[in-house]
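Worksheet for the structure shown next.
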Amino acid sequence: VGNYKRTVKRIDDGHRLCNDLMNCIHERARIEKVYAQQLTEWAKRWKQLVEKGPQYGTVERAWCAFMSEAEKVSELHLEVKGSLMNEDFEKIKNWQKEAFHKQMMGGFKETKEAEDGFRKAQKPWAKKLKEVEAAKKAYHAACKEEKLAISRETNSKADPALNPEQLKKLQDKVERSKQDVLKTKEKYEKSLKELDNATPQYMENMEQVFEQCQQFEEKRLRFFREVLLEVQKHLDLSNVASYKNIYRELEQNIKTADAVEDLRWFRANQGPGMSMNWPQFEEWSADLNRTLSRREKKKASDGVTLTGINQTGDQVSQPNKHSSSLSVQSNTVQSVQSSYNPFEDEEDTGSTVSEKEDNKIKNVSSYEKNQSYPTDWSDEESNNPFSSTDANGDTNPFDEDTSPAMEVRVRALYDYEGQEQDELSFKAG
């Protein structure tokens, strides 16, 4: 009696398990979203570094293919997040709302119906069980009284001081107790028989309510299995055709990297194959040695001053995917050693990565592609741009021995139209 409460509690547990499953899916969706955002940020940052870095040609395109892969995978994971929340999460939420109906006084309608059904089915049998317990108690009490009466009678026979009348009363007591034992035993057996006769009907009624609870639980278990299979399909990117295509395309981009082609391009654009601009006699002009205006001096910062404008024909005509290179001289080597650019836009620095980590990553690229090199030279080995160490690319542009006259990439802060023939025209940025 009362053990049906375990089955009734299962209904409340089913509602709680729906909440647990929704929370589980919601957390996974949040992880997918964060991963997608991190992939996008990583791809954006490294794409800029590679494009501005010294790598060129087909190998550069192969390297950038990894960033394209990250952007596409990021989109797929955002789709996974959308599927988990918009389909699976909402499906569980709606099913829970339809399957469980809250009552005004608290609890669920389904729980109350199951409990009332069990209680109604158990009530007649529980009443008979109570009668059996009472009959058993009465029978056991009569047996105890009979035993006590027989013991008193036996003891009285051995007592000579007891008169015959008292002995007669003890004997009558034994007789009555024996009759009570027979009556209570008969009543106990009768009530037990009635309980046994009622048990099949009781089991049938209880099982009927139990089966209704089983059917309700079966719906929940089948629904959970169905939802979990859908979640599995949304999470499994291995069966998504576009996911396979991403890595097929990535492999193709890497395999198209051609060292011979890159070396040929570098020879034609940066090596002996490029157009020559040999020195020619030039007349002196006062405009070439003019000083900076006050406005231009105010714009310059960190002790950077313009020393000249390299406008050789070949260097100007070369395609440059970034801003033009101006020759500027730094007063200190420290400004060159720092990877921080005071002229960068805010959006370039608006990364979620900490400033310390961002600066660390920026230092990966020691110099940018298409950067110009100092035209000053001397017979001394340390300043000879054609020395063997420089040709092998072993020199460090950040060494303190580097010539102070070097060129650094700058960014225009304002629009300017050239007023003189030797002046550059440029836009902000």
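The values are calculated or read from the model by the stated rules, or taken from the named source; none is laboratory data. This one's a predicted model, so the numbers in the text were calculated from it and none came from an experiment. Because the Cβ atoms are built from the backbone with ideal geometry, glycine has one as well, and the counts that use them run over all protein chains shown. Quick note on the areas: whole protein, heavy atoms, side chains included, nothing else; ligands and nucleic acids left out. Shrake-Rupley method; radii C 1.70, N 1.55, O 1.52, S 1.80 Å.
Structure notes:
- Cα-Cα over 26 Å, subset of LYS102/LYS233; LYS5/LYS91; LYS136/LYS173; LYS81/LYS244; LYS81/LYS112: LYS102/LYS233; LYS5/LYS91; LYS81/LYS112
- Euclidean distance of C-alpha centroids, region 50-70 and region 168-239, integer Å: 73 Å
- Percent accessible area from carbon and sulfur atoms, region 4-255, protein chains only, probe 1.4 Å: 53 percent
- Note that region 4-255 presents 67 Å² accessible area per residue, ligands and nucleic acids not counted, probe 1.4 Å.
- Potential lengthening between LYS244 and PHE281 on full extension [0.36 nm per residue; Cα-Cα distance subtracted]: 7.1 nm
- Less than 5 angstrom separates the built amide H of MET406 from those of SER330, all sequence-distant by 5 or more or on a different chain.
- Residues ALA141 and LYS233, FRET efficiency given R0 of 60 Å [Cβ-Cβ distance, rounded to 0.05]: 0.30
- Label point 7 Å beyond Cα of ASN197 along Cβ direction - residues of region 128-143 with amide nitrogen under 16 Å: 128-129, 131-132
- Potential lengthening between GLU207 and PHE426 on full extension [0.36 nm per residue; Cα-Cα distance subtracted]: 70.0 nm
- A Förster radius of 30 Å, combined with the Cβ-Cβ distance separating LYS157 from LYS178, puts the computed FRET efficiency at roughly 0.95.
- Only the Cβ atoms of Lys and Arg (+1) and of Asp and Glu (-1) were treated as charged; on that basis the dipole of region 4-255 about its Cα centre amounts to roughly 980 debye.
- Calculated FRET efficiency, PHE224 to LEU413, Cβ-Cβ distance, R0 = 56 Å: about 0.35 to the nearest 0.05.
- Legend: P(r) of region 4-255 from all alpha carbon pair distances, 10 Å bins from 0, whole percents, reading 6, 16, 14, 12, 11, 10, 9, 7, 6, 4, 3, 2, 1, 0.
- Relative contact order (%) - region 4-255, alpha-carbon pairs under 8 angstrom, separation at least six: 30 percent
- Based on the Kirkwood approach, the hydrodynamic radius assigned to region 1-75 is 16.1 Å, with every pair of different Cα atoms included.
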